[in-house]
Structures are given as structure tokens and as C-alpha cells.
Amino acid sequence: MANKVEISINELLMIANQIIQDHKDYVEGMRATSVTEKDGVLIFKGEYFLDEDGLPTAKTTAVFNMFKFLAHKLSPEFTLSTLLV
């Protein structure tokens, strides 16, 4: 999509975290804490709820799927602002 809205990282994280909280698969504590963009795709990161040995848990899968959902939903609409704010 050629007409993406340019948006700051902070604004995008606010939108993403509201979507997360409103989603039916929300898990307590799930939140995006950073976002980058590569080749037009927004990449969200945050807590992955690993166990004490650093291995994935059931929550890890939920978080991964949520961040993937956000990338699919928001990448066609937004691009990160190149301005430092």
C-alpha cells in the first residue's frame, strides 16, 4: 500500500497496545515495548514469558501470535516516522 500514514514509534506503540488489550487472546502482562520496520513490515517486540531456563511457555506462543497479528494488521496502514521526536 503506497499511502501509509507516517507515525512515531510512541504513537504506534499506543495503538498496538490498545489493540492487544482489546483482543480476545490478550494475556495479562502482554504488551509491545518496541517496534522497528524492515522492508515495510513493522516488527513488534516485548516480554515473551520464557520460563526460568529461558524456554518458551504457552504464553510465549500467545505473544508471538499477537505480535504477528499486529504486523499483519498495522504494516499496511503505517510506516515509522523518520523524524527524531
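The values are calculated or read from the model by the stated rules, or taken from the named source; none is laboratory data. In this text, all values refer to a predicted model and were calculated from it rather than measured experimentally. Methodologically, a virtual Cβ is constructed for each residue, glycine included, from the backbone with ideal geometry; neighbour enumeration extends over all protein chains shown. Please note that ligands, DNA and RNA were not included when accessible areas were found on the heavy atoms of the full protein model with its side chains. Shrake-Rupley method; radii C 1.70, N 1.55, O 1.52, S 1.80 Å.
Would you mind checking the stretch 54-80 for residues with the amide N under 17 Å from a putative spin-label position 7 Å along Cα→C-beta of residue 6?
77-80
Taking the simple approach of a point 7 Å from Cα along Cα-to-Cβ for both residue 27 and residue 72, what is their distance in nm?
With each label point 7 Å from Cα toward Cβ, the separation is 1.8 nm.
With the full set of protein chains in place, find how many percent of the accessible area of the stretch 3-78 is carbon and sulfur; take the probe as 1.4 Å.
55 percent
Consider just the alpha-carbon atoms of the stretch 3-78 and return their Rg together with their Dmax, both in angstrom.
When restricted to Cα atoms, the stretch 3-78 yields Rg and Dmax of 12.7, 44 Å.
Quick check for you: with a 1.4 Å probe and neighbouring chains kept, what is the accessible area per residue of the chain, in Å²?
69 Å²
Among all the aspartates and glutamates, which ones have a C-alpha under 19 Å from residue 38's C-alpha, if same-chain residues fewer than 8 places away are not counted?
6, 11, 77
Placing +1 at every Lys and Arg Cβ and -1 at every Asp and Glu Cβ, with all other atoms neutral, what dipole size does the stretch 3-78 have around its Cα centre, in debye to the nearest 20?
220 debye
Taking residue 24 as the anchor, which aspartates and glutamates have their alpha carbon closer than 20 Å to its alpha carbon, excluding any fewer than eight residues away along the same chain?
Within the straight-line limit of under 20 Å, residue 24 reaches these aspartates and glutamates: 47.
Excluding residue 67 itself, calculate the net charge of residues whose Cβ lies under 12 Å from the Cβ of residue 67, where each Lys or Arg counts +1 and each Asp or Glu counts -1.
+2
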